[in-house]
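**Student:** Pasting a structure here, questions to come.
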Amino acid sequence: MIRMTLAEIAEITGGRVVNAGPDVAVTGEVEYDSRKVGPGGLFVAFAGEKVDGHDFAGAVIEAGAAGILGTRDTGSPGVVVASPLEALAALARVVLSRLDKLTVVGLTGSSGKTTTKDYIGQLLSRVGPTVAPAGSLNNELGFPYTVLQATTETRFLVLEMGARGVGHIRYLTDIAQPQIGVVLNVGAAHIGEFGSVEGTALAKGELVEALPADGVAVLNADDPLVAAMASRTSARVVLTGESAADVRATGVILDRSGRASYVLHVGDRSGNVGLAVAGRHQVANTLAAAAVALAAGMDFDELTTALSHVGIVSGRRMDVFDRPGGVTVIDDSYNANPSSTEAALRALAAMGEGRRTTAVLGYMAELGEFEVSGHAEVGRLAAELGVDRLIAVAGNARPILDGAAGFTGWPGTAYFAADQAAAIEILQQDLRADDVVLVKGSRYRTWDVADWLRRPEEV
């Protein structure tokens, strides 16, 4: 964060300085994890149901923190506020107002947000100092936390925006207005909260509505609900996709490892791109990242080279690795919804051509009334794609197997695992050389399986 005194922080947040002179300055990072606080930092203390951050005040001051931002006086230097979350938002707004050379990029979509954010960060770092931290810091806490990592040297700030309802993205754009906005897709993620994909589109489109007239809206031309958002913004619209688009891919092919190559077209320029990441869906993600890089001033020839070098930064997202014995694992277990699971299954099918394939699929959360049908559709797709073994993990995921069973002629084998330990046991009994295994599920539901597959001693 840029340098601020505790008195400034108190004024911005409506708080009061305690146990310190007003000129004590925060010169380090803002952190809400006490283990990460360093010299000159500001520790934001949240009182949770199980852990109260205020209890770590003494430890973070000993580690060199300049102060504590919390709801009560801990006896340590700091600022007492009514709401640390609202205080972070207020600080973020002021920090951005003082960084007049900064370009803010906002990104949303039903799937692929974090991966594309990572790609954008890697590309923009070639143009200038960029903040685009790993992970999914896209909610009311992670969003301002990311903003506060910007300094006077930062030229690009890449912000991922999540939403579980109408108004959520508008709230985030009120904290940090983007100059470049990207909408990747509209799918069934969080459909239990939105009620329909149209409701999802209404919420996601709040990003382009927030763009200034001299901004840039990057929209997926291949998703009709996203393309239609062009009418909701006064910014310049850049369409990406494989159909009629400003930033377009043609001639897409996949290699044996599921990595795509394509010809990139922008105006009258064209160039070959060979991706180092797996999955047919990465074409759309990298096209969006390319559009942002071009808007930021990257040279076209440099862009085609740079796209071939972008890689996975945030964990458990299409992370492909090989176990001893030739088993290939696709760890896409960070989170799951029907759209992202479809993309992962198609990647499995492409990578597994001529090899035995296994999909370990866990529960997909937040589908509401579409829970049963959403899981069944995923199972049916797995069968259509010819997945050889399908393992559904835990009771809520059982409809996946029902969907697969409903596809006439599927020659594969279905397994129900009561928990992750049972899924590991199934794999352990019959994991063969040259298998390809996909692990996918909503947060935490299949992480143990993916971690077990990473242990070479388990072969």
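**Student:** What residue, of 301, 331, is touching a residue at least 24 places away in the same chain (Cβ under 8 Å), of a type in the set (Asp, Glu) and buried (at least 22 other Cβ atoms within 10 Å of the Cβ)?
**Tutor:** 331
**Student:** Among the residues of the range 230-261, which ones are among the hydroxyl-bearing types (Ser, Thr, Tyr), out of contact with any helix residue (DSSP H, G or I) (no Cβ under 6 Å at 6 or more places or on another chain) and either modelled with pLDDT of 95 or more or not assigned by TED's automatic domain parsing to the domain that holds residue 179 (or both)?
**Tutor:** Once the filter is applied, which keeps residues that are among the hydroxyl-bearing types (Ser, Thr, Tyr), out of contact with any helix residue (DSSP H, G or I) (no Cβ under 6 Å at 6 or more places or on another chain) and either modelled with pLDDT of 95 or more or not assigned by TED's automatic domain parsing to the domain that holds residue 179 (or both), the range 230-261 yields 231, 234, 250, 261.
**Student:** Considering only the range 337-357, how many residues are closer than 15 Å to residue 397 by Cβ and either among the basic types (Lys, Arg) or at pLDDT 95 or above (or both)?
**Tutor:** 3
**Student:** Can you name every residue in the range 213-231 that is in a loop (DSSP other than H, G, I, E, B) and either of a type in the set (Phe, Trp, Tyr) or over 17 Å from residue 105 (Cα atoms) (or both)?
**Tutor:** 221, 222, 223
**Student:** Of all residues in the range 420-439, count the ones that are surrounded by 15 or more Cβ atoms within 10 Å (Cβ to Cβ) and in a loop (DSSP other than H, G, I, E, B).
**Tutor:** 2
**Student:** Here's something else I'd like to know. Give me a count of the residues in the range 248-276 that are surrounded by 15 or more Cβ atoms within 10 Å (Cβ to Cβ), part of a strand (DSSP E or B) and either of a type in the set (Lys, Arg) or touching a residue at least 60 places away in the same chain (Cβ under 8 Å) (or both).
**Tutor:** Count: 3.
**Student:** Among the strands (runs of 3 or more DSSP E) confined wholly to the range 49-111, which include 1 or more residues that are in the same structural domain as residue 154 (by TED's automatic domain parsing), in contact with a Gly (Cβ under 9 Å, 6 or more places away or on another chain) and closer than 30 Å to residue 208 by Cα?
**Tutor:** By residue number, 103-108.
**Student:** Please tell me if residue 297 is assigned by TED's automatic domain parsing to the domain that holds residue 403 and more than 16 Å from residue 259 (Cβ to Cβ).
**Tutor:** no
**Student:** While we're looking at this one, here's another question. Residues in the range 200-207: is at least one in contact with a Phe, Trp or Tyr (Cβ under 9 Å, 6 or more places away or on another chain), β-branched (Val, Ile, Thr) and in a helix (DSSP H, G or I)?
**Tutor:** Taking every residue of the range 200-207 in turn, at least one turns out to be in contact with a Phe, Trp or Tyr (Cβ under 9 Å, 6 or more places away or on another chain), β-branched (Val, Ile, Thr) and in a helix (DSSP H, G or I).
**Student:** On to the next question. Among residues belonging to the range 151-171 that are in contact (Cβ under 8 Å) with a residue 60 or more places away in the chain and farther than 16 Å from residue 296 by Cβ, point out the one that is surrounded by the most Cβ atoms within 10 Å (Cβ to Cβ).
**Tutor:** Filtering the range 151-171 for residues that are in contact (Cβ under 8 Å) with a residue 60 or more places away in the chain and farther than 16 Å from residue 296 by Cβ, the one surrounded by the most Cβ atoms within 10 Å (Cβ to Cβ) comes out as 169.
**Student:** Scan (1) under 17 Å from residue 107 (Cβ atoms); (2) at pLDDT 95 or above for the single condition residue 312 breaks and write down its number.
**Tutor:** For residue 312, the exception is condition (2).
**Student:** What are the pairs with Cβ atoms under 8 angstrom where one residue, in the range 221-237, is within 24 Å of residue 283 (Cα to Cα) and the other, located anywhere, is of a type in the set (Lys, Arg)? Sequence gap at least six, or different chains.
**Tutor:** Qualifying pairs under 8 Å: 226/204; 229/204.
**Student:** Across the range 382-395, what is the total count of residues that are crowded, with 18+ Cβ neighbours inside 10 Å and under 28 Å from residue 165 (Cβ atoms)?
**Tutor:** 1
**Student:** Does the range 409-423 hold any residues that are touching an Asp or Glu at 6+ places or on another chain (Cβ under 6 Å) and closer than 19 Å to residue 349 by Cβ, and which are they?
**Tutor:** Scanning the range 409-423 gives a single hit, 412.
**Student:** Still on this structure, I have one more. Can you work out which of the residues in the range 399-415 that are assigned to a helix (DSSP H, G or I) and surrounded by fewer than 20 Cβ atoms within 10 Å (Cβ to Cβ) is farthest from the chain's Cα centre (by Cα)?
**Tutor:** Ranking the qualifying residues of the range 399-415, first place goes to 405.
Yes or no, residue by residue, for (1) within 21 Å of residue 181 (Cβ to Cβ); (2) assigned to a helix (DSSP H, G or I); (3) within 17 Å of the chain's Cα centre (by Cα):
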position	(1), (2), (3)
291	yes, yes, no
297	yes, no, no
301	no, yes, no
306	no, yes, no
309	no, no, no
316	no, no, yes
321	no, no, no
324	no, no, no
329	no, no, no
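**Student:** Could you say whether any residue in the range 348-355 is without any contact (Cβ under 8 Å) to a residue 60 or more places away in the chain, under 19 Å from residue 439 (Cβ atoms) and either out of contact with any Gly (no Cβ under 7 Å at 6 or more places or on another chain) or part of a helix (DSSP H, G or I) (or both)?
**Tutor:** yes
The values are calculated or read from the model by the stated rules, or taken from the named source; none is laboratory data. Keep in mind it's a predicted model, so treat the numbers as computed, not measured. Positions of Cβ are generated from backbone atoms using ideal geometry, with glycine treated the same way; all protein chains shown enter the neighbour counts.
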